[in-house]
Amino acid sequence: VFPSGINLLVEVVSASNLPIADILSSDPYVLVKDGSTERHRTDMIPNTLNPVWTLATGSLFLIRTTLTEFFEYTPYMGFVVKDYDSLGGDEVLGTAI
């Protein structure tokens, strides 16, 4: 018998060789989405093209869901790395699906 509820522990670890989005560097953060639903957002790490997220910067999070919801209604789990901008929109630096 399978449990109806599941817990998924997810960790965002790092990115490397990100493109420059500001003058000399980028201010990256990661959005974790399943389909169009945002599940998590890490903290922004300023002035780096090779960020490493830690527990202090929101690297680890828990998704509580059901088997049906996750496997039948979640089209994909996506990771979007964005550059934070205080003015204007944040730029996409990279994605992983």
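The values are calculated or read from the model by the stated rules, or taken from the named source; none is laboratory data. None of these values were measured; they are calculated from a predicted model. Neighbour counts are summed over all protein chains in view; Cβ atoms, including those assigned to glycine, are modelled from backbone coordinates with ideal geometry. Accessible surface areas use protein heavy atoms only, side chains included; no ligands, DNA or RNA. Shrake-Rupley method; radii C 1.70, N 1.55, O 1.52, S 1.80 Å.
Approximating the spin labels as points 7 Å out from Cα along Cα→Cβ, the Thr95-to-Met77 distance works out to 1.8 nm. The C-alpha radius of gyration of the range 1-58, expressed as a fraction of 2.2 N^0.38 Å, stands at 1.44. Entry comment: accessible area of the chain is 64 Å² per residue, from protein heavy atoms only and a probe of 1.4 Å. What is the percent carbon and sulfur in the accessible area of the chain, measuring with a 1.4 Å probe over the protein chains and ignoring ligands? After summing per-atom areas, the C and S share lands at 57 percent. When the Gaussian network model of the chain links Cα atoms closer than 10 Å, the mean-square fluctuations of Thr68, Thr48, Thr57 top out at Thr68. Normalised by 2.2 N^0.38 Å, where N is the number of residues, the alpha-carbon radius of gyration of the chain equals 1.20. Placing a label point 7 Å from the Cα of Thr37 along the Cα-to-Cβ direction, the residues of the range 54-76 whose backbone N falls under 19 Å of that point are 61-76.
GNM on the chain, alpha-carbon springs under 10 angstrom: the most fluctuating residue among Pro28, Pro51, Pro75 is Pro75.
For the chain, a crude dipole built from +1 on the beta carbon of Lys and Arg and -1 on the beta carbon of Asp and Glu, taken about the Cα centre, is about 280 debye to the nearest 20.
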